[in-house]
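Engineer: To start, I am sharing the structure in question, which I have written as structure tokens.
The values are calculated or read from the model by the stated rules, or taken from the named source; none is laboratory data. Predicted model, so just to flag it, every value in this text is computed and none were measured. Here the Cβ positions follow ideal geometry from the backbone for every residue, glycine too, while neighbour counts run over all protein chains shown.
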Amino acid sequence: AKADGKGRARLFEPAMDAHLLFRKTFEADLRGALQRGEISVHYQPLVDTETRSICGYEALMRWQHPVRGWVSPAEFIPVAEDTGLIDALGEWVMRQALQEAARWPDHFTVAVNLSAVQFRSGALARTVISALAAAGIRPERLHLEITESVLLAASDQTLATLHQFKNLGVRIAMDDFGTGYSSLSNLRSFPFDTIKIDQSFVRDLSTGPEALSVVQLIISLGTSLGMETTAEGVETEAQYACLQALGCTHVQGYLFARPKPARELDHAASPPLPE
Ligand code: C2E
Ligand code: CA
Ligand code: CA
Ligand code: CA
């Protein structure tokens, strides 16, 4: 057993070291990314299903590493959350997105994602108010997207912050709806303005009646609660037609546009119609 243990140690230690080294390097790189200008924001249009026209954008954080190239947010956001870097990165994205939105048509909305970690500092509401004022954006145009993880850990302070946003007129969207724990009770704990239907349900719309039933249920739930419903990950006309028929108010997805840098946005472009 002893020899076995030694053998194992020899086998696994270098791998562990490599992993740890990678993680430490990754963290150090992320720590300096903002100052080095490697962080940017891409924008994906939000399409109104009543008019099939663009009515706003979601801001999505991007990291272009000098060696590794584009790093997926799915990879660096969790590290930013663990290290506390998300506060600075999140504030930067918020200010950037609001400044950008000031150049868009005045009725366009701007959606910004918030991590549960950002609610811990107690400074979030002040930051948002200051960023709105600096950009001169009406609070109603800002949509803050939170996932169920925010409510899972919801302290009184988190709920107070959310209500502060509501009182300001800022809109709150529940992101990735249906993928977290106790989705339904979360809808009761806070008056959301929008439910975002997770792209996994949209993807499976054509593969069977189950996803269709779930999507139908979420849309009627949202509608009856007076909320808007946004479907994410819409890639085909068939998905779009189905969602529109079900009464989904907004969609987002590659069918219309991938997230793009601000300078490449074309607000007037009506999303392409089917042949
Ligand atoms: P999310 O908020 O659910 O954002 C939607 C994701 O779906 C984005 O991935 C977007 O590029 C992608 N997407 C949009 N349309 C389609 C489509 O038609 N098909 C497919 N397959 N994907 C589509 P992205 O940009 O890689 O972001 C991943 C996640 O990282 C986001 O999910 C969000 O949770 C997080 N994230 C991104 N930016 C920020 C940020 O500024 N702050 C925080 N806290 N999280 C962020
Ligand atoms: Ca989102
Ligand atoms: Ca989402
Ligand atoms: Ca997501």
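Engineer: Of the residues A9, A74, A15, which is aliphatic (A, V, I, L, M), exposed (fewer than 10 other Cβ atoms within 10 Å of the Cβ) and at pLDDT below 95?
Structural biologist: Step by step, each of A9, A74, A15 is checked, and only A15 is aliphatic (A, V, I, L, M), exposed (fewer than 10 other Cβ atoms within 10 Å of the Cβ) and at pLDDT below 95.
Engineer: Quick one: which residue in E140, E145 is at pLDDT 95 or above and either under 20 Å from P259 (Cβ atoms) or surrounded by 22 or more Cβ atoms within 10 Å (Cβ to Cβ) (or both)?
Structural biologist: E145
Engineer: Can you confirm whether D17 is part of a helix (DSSP H, G or I) and touching a His at 6+ places or on another chain (Cβ under 7 Å)?
Structural biologist: No: the conditions fail for D17.
Engineer: Mind listing whichever residues of the stretch 155-175 are surrounded by 20 or more Cβ atoms within 10 Å (Cβ to Cβ) and among the aliphatic types (A, V, I, L, M)?
Structural biologist: Passing the criteria: L162, V170, I172, A173, M174.
Engineer: Next up: Looking at the stretch 56-77, is at least one residue assigned to a helix (DSSP H, G or I), within 25 Å of V170 (Cα to Cα) and of a type outside the set (S, T, Y)?
Structural biologist: The initial filter retains those residues of the stretch 56-77 that are assigned to a helix (DSSP H, G or I), namely 73-77.
Checking the rest, the ones that are also within 25 Å of V170 (Cα to Cα) come to 73, 77.
Narrowing further to those that are of a type outside the set (S, T, Y): 73, 77.
The answer is yes; a qualifying residue exists.
Engineer: On the basis of being of a type in the set (V, I, T), within 16 Å of ligand 3 (Cβ to nearest atom) and in a strand (DSSP E or B), does V47 make the cut?
Structural biologist: Against the criterion (of a type in the set (V, I, T), within 16 Å of ligand 3 (Cβ to nearest atom) and in a strand (DSSP E or B)), V47 qualifies.
Engineer: Report, by residue number, each residue of the stretch 24-42 that is assigned to a helix (DSSP H, G or I) and free of Cβ contacts under 8 Å to residues at least 24 places away in the same chain.
Structural biologist: Across the stretch 24-42, the qualifying residues are K24, T25, A28, G32.
Engineer: Give the residues of the stretch 135-178 that are aliphatic (A, V, I, L, M), under 14 Å from G56 (Cα atoms) and away from ligand 2 (no atom under 16 Å from the Cβ), sorted by residue number.
Structural biologist: I137, the sole residue that qualifies.
Engineer: Something else: Quick one: what pairs do we get from the stretch 203-217, first residue closer than 16 Å to T230 by Cα, second of a type in the set (S, T, N, Q), C-beta under 7 Å, 6+ apart or different chains?
Structural biologist: Close Cβ pairs (under 7 Å, with a partner that is of a type in the set (S, T, N, Q)) amount to L205/Q239.
Engineer: Looking only at the stretch 94-116, filter to residues that are surrounded by fewer than 22 Cβ atoms within 10 Å (Cβ to Cβ) and in a helix (DSSP H, G or I); which one of those is nearest to the chain's Cα centre (by Cα)?
Structural biologist: This residue is A116.
Engineer: Still on this structure, please answer the following. Go through the stretch 176-190 and give me each residue that's buried (at least 16 other Cβ atoms within 10 Å of the Cβ), within 16 Å of ligand 4 (Cβ to nearest atom) and not small (G, A, S). Explain how you work it out, then say what you get.
Structural biologist: Of the stretch 176-190, the ones buried (at least 16 other Cβ atoms within 10 Å of the Cβ) are 176-178, 180, 183, 186-187, 190.
Applying the additional criterion that residues be within 16 Å of ligand 4 (Cβ to nearest atom) yields 176-178, 180, 183, 186.
Selection gives D176, F177, N186.
Engineer: A further question on this structure: So which residues in the stretch 180-195 are modelled with pLDDT of 90 or more and either more than 24 Å from L142 (Cβ to Cβ) or of a type in the set (A, V, I, L, M, F, W, C) (or both)?
Structural biologist: Matches in the stretch 180-195: F192, I195.
Engineer: Check off (1) at positive phi; (2) surrounded by 13 or more Cβ atoms within 10 Å (Cβ to Cβ); (3) away from ligand 3 (no atom under 16 Å from the Cβ); (4) not hydrophobic (A, V, I, L, M, F, W, C) for G226 and give me the number that stays unchecked.
Structural biologist: Condition not satisfied by G226: (2).
Engineer: Which of the residues spanning the stretch 220-271 are touching a residue at least 24 places away in the same chain (Cβ under 8 Å) and of a type in the set (K, R)?
Structural biologist: Across the stretch 220-271, the qualifying residues are R258, K260.
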